[in-house]
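Beneath this line is the structure, given in structure tokens, with notes to follow.
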Amino acid sequence: MTPPPAGGTDGPVLPALTGDTRVTLLPLSSRPFGEDEHIVGRMETGAFVALPPAGLRAVELLGQGQSLDGTRARLLAEYGEDVDVADFVTGLAQYGFLARIGHVPLPAPEPRRPSLPRLAPRHVRWSLHPVTAFLVCSLITVAAATAVLRPDTLPTYRTLLISEYGSVVLAVVFGGGWPLLFLHELAHLVTARAAGVPARVELGTRLQFLVAQTDMSGIELSPRRHRLTAYLAGIAVNLCLAALAVLAQPFTAPASAGRQFLDVLVLLAVLPLGFQCLVFLRTDLYFVLQDLTRCHDLHGDGRAHLRHHGRRLLRRKGRKSRKGGADAGPTALLPPRQRRAVRIYSVVLLVGTLLCLGGLVVITLPVELRLLADAVGRLGSGHGAADRADALCVLALLGGTQLLWAWTKWRHVRAARRLASAPQLASRRSASADSDPGSA
């Protein structure tokens with residue numbers, strides 16, 4: 001059995017551990033994971049770890065009041081493994097799973113601050129009910145059938161070009177897109193809260209994209225149906241809004257403001273869903289894929305796999321590495337099914353990242369620079385007040401978005417540096433505690 005590593009030197013100061021030491025565990029949750037592992041952790045803090053059967057048994061024995069020596073003897077008798085239980089207990093303490101060691105209390109980890117803290121699970125339990133899923137699927141199916149039977153009613157990209165002024169178009173996109181984005185993340189928050197997870201909505205970045213994301217660390221401890229519902233809730237809300245708009249179109253005149261509003265709503269609700277298919281950016285569908293492939297950290301393992309082969313390529317020792325077991329790569333310890341999934345995903349990760357960055361250089365930056373240069377030019381003399389106001393709005397919207405991206409990126413880099421200086425708690429095969437589905 002591989003116990004959770006203690007790692008680092010800045011963790012809690014623990015009393016001396018002896019063979020007679022007994023510990024008191026905080027309330028823990030667990031669920032089966034794969035064929036021979038269990039996820040164990042706390043929803044309140046979002047900390048969890050994957051343990052083999054002997055590790056789960058060690059937690060059970062320690063929770064029953066067994067001493068360290070008693071636990072070690074039972075594990076040796078039941079599993080034939082001589083486990084360093086003292087090291088195991090140290091790892092549990094640094095995960096924040098222990099209340100006391102002997103009679104010495106340990107500082108309890110502070111629960112994460114959730115968004116909408118007054119929203120209790122009992123208020124939103126309906127979001128996980130099977131009837132809710134049935135109604136959502138029925139609404140989307142009816143709207144899809146309507147769109148197939150009446151394709152002429154579907155809007156095109158020209159629907160968004162409602163004005164010759166770019167500021168008006170951008171205002172419509174931003175003014176309508178951000179409320180829809182809030183509803184998308186609220187859906188993740190509600191379903192996670194129904195499962196008892198203190199989820200939190202925040203801004204994040206994915207390569208060159210500014211995203212909203214919902215931290216649902218702890219949802220890993222919920223049943224699969226609850227996990228998949230939480231991951232897909234945002235997409236379901238977007239599709240429901242688009243479906244309602246499609247079904248309401250027959251009740252509006254073809255050229256009326258109401259019809260134009262519905263057409264814009266359909267586009268603003270559906271277009272962001274294309275981003276969800278970019279699973280290499282850890283979007284909603286990425287977490288669905290990770291769950292279905294039963295991987296602990298598909299993105300992290302995929303990056304480690306690419307780094308390993310990148311180093312081999314740079315050192316030009318590929319043939320020698322394949323012969324030696326010491327350089328077998330980070331996926332060698334994974335079960336065959338997970339290993340295949342990680343290796344396939346690593347290809348998607350590499351190709352997708354290169355295409356995204358290439359699109360940034362070839363398309364996005366030239367277009368945005370052209371728009372910004374045109375806006376600056378229209379601020380000079382020889383342009384009317386309407387042109388200048390339009391230019392100022394374009395500069396504010398595009399420039400403000402880039403500044404917000406830079407500020408968000410800086411915050412996350414700073415947080416990552418603080419985390420790097422803290423004890424390294426998660427083992428290579430531990431499930432990541434940084435879940436952020438809901439990117440849009």
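Since every read-out is calculated from the coordinates, none of them should be taken as a lab result. Treat the numbers as computed from the prediction; the structure is a model and nothing was measured. Cβ sites come from the backbone with ideal geometry, for glycine too, and all protein chains shown count toward neighbours.
For segment 23-105, the relative contact order comes to 34 percent (Cα pairs under 8 Å, sequence separation of at least 6). Summing +1 for each Lys or Arg and -1 for each Asp or Glu among the other residues whose beta-carbon sits under 13 angstrom from that of Val169 gives -1. What you get for the chain, charging only the Cβ of Lys and Arg (+1) and of Asp and Glu (-1), is a dipole of about 1080 debye around the Cα centre.
Once both labels are positioned 7 Å from their Cα atoms along Cα-to-Cβ, the gap between Glu78 and Leu404 label points is 5.2 nm.
Out of every Cα-Cα pair that segment 23-105 contains, those further apart than 15 angstrom amount to 55 percent.
With contacts taken as Cα pairs under 8 Å and at least 6 residues apart, the chain reaches a relative contact order of 21 percent. Projecting the Cα atoms of Val83, Gly46, Leu68 onto the charge dipole of segment 23-105, computed from C-beta unit charges around the Cα centre, puts Gly46 farthest toward the positive end. Placing a label point 7 Å from the Cα of Leu116 along the Cα-to-Cβ line, the residues of segment 199-220 whose backbone N sits under 14 Å from it are 199-202, 214-215. Can you give the log10 of the normalised intensity I(q)/I(0) at q = 0.08, 0.09, 0.14 Å⁻¹, computed with Debye over equal Cα scatterers of the chain? Per q value, in the given order, log10 I(q)/I(0) is -0.59, -0.72, -1.39. With K and R counted +1 and D and E -1, the other residues having a Cβ less than 12 Å from that of Glu35 yield a net charge of 0. Charge tally for Thr191 (other residues, Cβ to Cβ under 13 Å; Lys, Arg +1; Asp, Glu -1): +2.
The longest part of the chain holding none of the exposed loop trypsin sites (Lys or Arg not before Pro), meaning those outside H, G, I, E and B in DSSP with at most 10 other Cβ atoms within 10 Å, is 119-315.
Amide hydrogen proximity for Val211: with H placed 1.01 Å from N in the peptide plane, the residues at 5 or more positions away or on another chain lying under 5 Å are Gly204, Thr205, Arg206. The stretch between Ala255 and Arg340, if pulled fully straight at 0.36 nm per residue, gains 25.3 nm over its current Cα-Cα span. Residues whose amide H comes within less than 5 Å of that of Leu98, counting only those at least five positions distant or on another chain, are Leu26 (H built at 1.01 Å from N in the peptide plane).
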